[in-house]
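Here is the structure we will look at.
The values are calculated or read from the model by the stated rules, or taken from the named source; none is laboratory data. Bear in mind the structure is a predicted one, so any value in this text is a computation, not a measurement. Virtual Cβ from ideal backbone geometry, glycine too; neighbours counted across all protein chains shown. Protein only, heavy atoms only, side chains kept; ligands, DNA and RNA dropped before computing areas. Shrake-Rupley method; radii C 1.70, N 1.55, O 1.52, S 1.80 Å.
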Amino acid sequence: MQQLRNTPFHERTSALCQPQNWRKWAGYYVVGSYEHTIDREYWAIRNSAALIDVTPLMKYMIKGKDAANLLDRVTTRNIHKMSVGQVYYTAWCDDEGKMIDDGTVARLDETTFRLTSAEPNLRWLMMNAVGFDVHISEVSDSVASLSLQGPNSRSVLKRVCESDVEGLKYFRLMKNKLGGVEVTISRTGYTGDLGYEIWMEAKDALKVWDALMEAGQDYGITPVGILALDMTRVEAGLFMLDVDYTSASHAWIEAQKSSPFELGLDWTVALDKPGYFVGRKALEKEKKEGSSWKMVGIEIDWVGMEALYAEVGLPPQVPGTAVRASMPIMVGNVQVGYASTASWSPLLKKYIALAHLEKPYYELGTDVRMEITVEHHRKHAPAKVVKLPFYEPEWKKK
Amino acid sequence: MKTYDTIIIGAGHNGLVAAAYLAKKGKKVLVLERRDMVGGQVVTESFGENFKVDSLHAGGTLRPDIIKHLNLASHGLVVDTVRKPFISLQADSKHLVFDADPAKAAESIKRFSEKDAANWIPFLDFMNKVSRFVHSANAAIMPRLPKGFNASEGMALAKLGINVRMLGGKNMMRIIRGIPMTADEFVDEWFESDIVKAAVASLGLHGFTLGAFGAGTGYTLMHNWANRGGMSHVSVQGGIGKISEALAGAVRLLGGEIRTNAEVKKVVIKDMRASGVVLSNGEEISSGNVISAADPKHTFLSLVGAMELPPEFVWNVQSIKMRGSVAKVHLLTDGKHGIPDGTVVVAPSIKYLEKAYDAAKYHQISEKPYLEVTTSGNVVSIHFQFAAYKLKSGDWKTEGAKVEKIAMDTLAEYFPDLKPSIVNRKVLTPLDLETTYGLTEGDLNHGQLMLDQFMFMRPIPGWSNHRTPIDNLYLCGSGVHGGGGVSGASGRNVVKVLK
């Protein structure tokens, strides 16, 4: 039987996790929420500074003369355009142009990259590395990572880091020293807010946690679990593997697979880069012919939903966490798609969802209806296709 | 810079057949050959004074329609019309002789089994039908299963189906059943004498790394029978190299160019499209199409490069089973070797064949090998199985002597005059097959003709129609369907699918 493991932060996180609300993530136990309700954690991300254990991310080090060539072949982005210290968000596909996974690529030096992913990709990387002068190693267990997110995150880091993070731009990284240990800090995250991810040796994990918690005290630093994170990533319009799309490597049927275009990742597909990359022919074809699906944001109309609840004498009800379920989306009496994650946005005061709609219903402004269950009965609440992200604070990239 | 419609990599018989057909269609073709002579595996070479031998194949013929289309007779190709006997050596010197005359052969078989003798002519009749099926299958372009196939691929397959059905319902069933059978089971349906069975079954092993109890040797037996047109080799007057010379003559007469000492290092690829080749001396030659007659592993992993190809395709190419296990021992004698004319085999029993194969399984050299011996005047050529390309211990730089010794010792048991008659000798190890003849892992077939690597699974599933993931790059060697043995089928077929 597979034993779930504890992350290197477990000694701290377990002491703080009041409801014993543990979640499984890539073979690890992680905290779902530290308190019985997640409101305080959600607001920490949006208003102060949230400290999130993201160690379970899969991490690979790719080194060697052909490291850039390999990643350029595997991912959809033009890796050769990347400078040292830069981070790219990217998808990677099978040769039919269907997404296998998505993650970040960080160029640590000219010939060294770190790739993160949601699921194991070592075999896929090895299969692609035939003929390349490259060394691939998985460092998922030996590298621990913390995500520090929220408008105060920079101030916290400025207090505790040896080198100033002030100049660290969006999707860039720097080497630094924190709590007496060497770390890498990237200005990345999964919340759509100002935020950083801190990468360290697993053995140094507690030192970094303690230093951040101490430095962040005056800035409202709050340990945050993945349930609050899930709400903010929906607001940020960020999708999740196995929730909002299925990896081509374990889809049961063709229809379960998605292309990067269908998930709105057009901007990550560098069809102008030279030579072969995995999925190129299929992606070129889809680009030319247009996608039959598109992931979009939808906003459920509050007044319309209120009326449905009023029919049974109830005030409108919204879920307290992000809902990971498939909810049919209709136009007239025809189903034109489905929502894969819906969430109440406490900040926007809106019920929002990530939805997958068929052509031509994915155009901005389209009026649709999403299925909701009102007192055990299926109803359709009016909604509208809107631009993603739902929420983007001005300080995200500043 | 001169440009061509098509560049063909490798002047083996398939490459030359493709070149000749294209030149005949008025295309500007260039054949590039790494060695200083054309022919690939189909060569007659000199290994010393008066020591001219058919290096790898003791005999063979191109398919008759190819000989006719390309008018090879006018280029000096004379195929022996008299078929020599196939002789299975026996310890008591009362050898089993399969004469080309069926009645004479039956007479010899009778000494081992009356029943087998009576079955010989019906068996020959069946094997003739088998040959028609094999040739007709090899003339068809295989559909790209499981991706589905287009109308023309469907037509080719339908035609094949009709051809098989025309052999009669009973024969059709028998052939289909025979494909996955072992050679042992296949011959067991016809014969009772182990000696007769082993002699016929040995054909199923010839050139393959499989034993008489290996699934699919029913098919390889049929395949080899069809290519030989019977049990014994058909030798070519002046040596098998005449086939290649005649083909080269046809190519040149039709306006095609052939360059020897021109090793292709890389296929030039831009945006997943082949546009020419680079030679090992750095010369770049451009062309509309490139056809590789080299084996699929060498073509994709070396000439194209894995980085230009989809990962799952690369994975499949890496998984192609090559596993060569053939060595050749050529002996120049003073003429008093005592070996009769014909195709002479050491295949005394089914179990002997299987045990000989066991060595290959365990990465060794057979101590008691299956041998096929032919003579041409003073020269004795021994086809030796099994000698595994990948040896458990020792390496092929030194182990050639061991193969030579075992081959000579084994034959000397039947022909005591052989050893004293030897004047000169030449051994070709599986490593020589790789380095000299460019056969990855010394596999004569460019990939074993196993059940999971034949027909629509050759060279790999989904790519059985000569096309490749690289536009304008095609395959035409033994490693694609039609290949395995000397017939020219895959060289002929590629021309049908070329844009």
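Miscellaneous remarks
- Rounded, prolate or oblate (a/c below 1.5 giving rounded, otherwise prolate when a/b exceeds b/c) for the stretch B:326-440 by Cα gyration tensor: oblate
- Alpha carbon convex hull of the protein assembly as shown, projected area averaged over orientations, nm²: 44.8
- Virtual paramagnetic centre 7 Å along Cα→Cβ of A:Arg159, amide N under 14 Å, in the stretch A:171-211: A:179, A:210-211
- Degrees separating the helix B:13-24 axis from the principal Cα axis of chain B, which is the longest one: 50
- Mean separation of Cα contacts under 8 Å, 6 or more apart, over the residue count of the stretch B:100-228: relative contact order %: 27
- Nearest-0.05 FRET efficiency for B:Ile162 and B:Val78, computed from C-beta distance (R0 35 Å): 0.50
- Sulfur and carbon atoms: percent of accessible area, chain A [1.4 Å]: 51
- Placing a label point 7 Å from the Cα of A:Leu241 along the Cα-to-Cβ line, the residues of the stretch A:58-78 whose backbone N sits under 15 Å from it are A:58-61, A:74-76.
- Taking chain B and dividing mean pair separation by its residue count, relative contact order in percent (alpha carbons under 8 Å, at least six apart): 23
- Candidates A:Pro56, A:Pro328, A:Pro315: whichever shows maximal mean-square fluctuation once chain A is modelled as a Gaussian network with Cα springs under 10 Å: A:Pro315
- Each chain gives up part of its surface: A and B jointly bury about 1300 Å² of accessible area, both sides summed, for a 1.4 Å probe.
- Fluctuation leader among A:Ser249, A:Ser259, A:Ser145 - chain A, Gaussian network, Cα springs under 10 angstrom: A:Ser249
- Taking all protein chains together, B:Leu77, A:Leu4 sort by accessible area into A:Leu4, B:Leu77, largest first [probe 1.4 Å].
- Every Cα-Cα pair in the stretch B:1-125 was counted, and those over 17 Å apart are 72% of them.
- Within chain B: Cβ-based charge dipole about Cα centre, in debye rounded to nearest 20 (Lys, Arg +1; Asp, Glu -1): 1340
- Placing unit charges on the Cβ atoms of the charged side chains and taking the dipole of the stretch B:326-440 about its Cα centre, the candidate lying farthest along the positive direction among B:Tyr389, B:Val373, B:Tyr352 is B:Tyr389.
- Centroid-to-centroid, using Cα positions, the stretch B:1-44 and the stretch A:176-225 are 65 Å apart.
- Selection from B:Ile258, B:Val326, B:Pro311, by position along the positive dipole direction of the stretch B:240-334 (Cβ): B:Val326
- When A:Ile100, B:Ile162 are compared by accessible surface with a 1.4 Å probe, the order from highest to lowest is B:Ile162, A:Ile100.
- Theoretical gain in end-to-end length, A:Glu119 to A:Gln18 [0.36 nm per residue, Cα-Cα removed]: 33.5 nm
- Rounded tilt (10° steps) of B:400-412 against the dominant C-alpha axis of chain B: 40
- A dipole drawn for the protein assembly as shown from +1 and -1 charges on Cβ atoms has a positive end, and of A:Gln18, B:Leu56, A:Ala307 the residue lying farthest that way is B:Leu56.
- Based on protein heavy atoms only, the stretch A:117-271 ends up with 39 Å² per residue of surface accessible to a 1.4 Å probe.
- Projected label points at A:Ser142 and B:Lys321, each 7 Å from Cα along the beta carbon direction, are separated by 3.8 nanometres.
- Computed about the Cα centre, the dipole magnitude for the stretch B:100-228 is approximately 580 debye when only Lys and Arg (+1) and Asp and Glu (-1) carry charge, each at its Cβ.
- Take every pair of alpha-carbon atoms less than 8 Å apart whose residues are at least six positions apart; their mean separation over the length of the stretch B:227-340 yields a relative contact order of 14 percent.
- Peptide A:122-130, shielding by other chains (average Cβ, 10 Å cutoff): 4
- Residues of the stretch B:282-311 buried by at least 50 Å² on assembly (accessible area, 1.4 Å probe, chain alone as reference): B:Met307, B:Pro311
- Surface share of carbon and sulfur [accessible, 1.4 angstrom probe, percent] for the stretch B:326-440: 50
- Here the 3J(HN,Hα) profile of the stretch A:291-300, calculated from phi with Karplus coefficients 6.51, -1.76 and 1.60 at θ = phi - 60°, is 8, 8, 10, 8, 8, 9, x, 10, 10, 7 Hz, Gly and Pro shown as x.
- Nearest-20 debye value, chain A charge dipole, Cβ charges on Lys, Arg, Asp, Glu: 580
- Considering only chain B, percent of DSSP beta bridges that pair antiparallel, nearest 5: 65
- Heavy-atom accessible surface of the stretch B:215-281, averaged per residue, reaches 35 Å², computed with a 1.4 Å probe.
- Heavy-atom accessible surface of the stretch B:100-228: percent carbon and sulfur, 1.4 Å: 60
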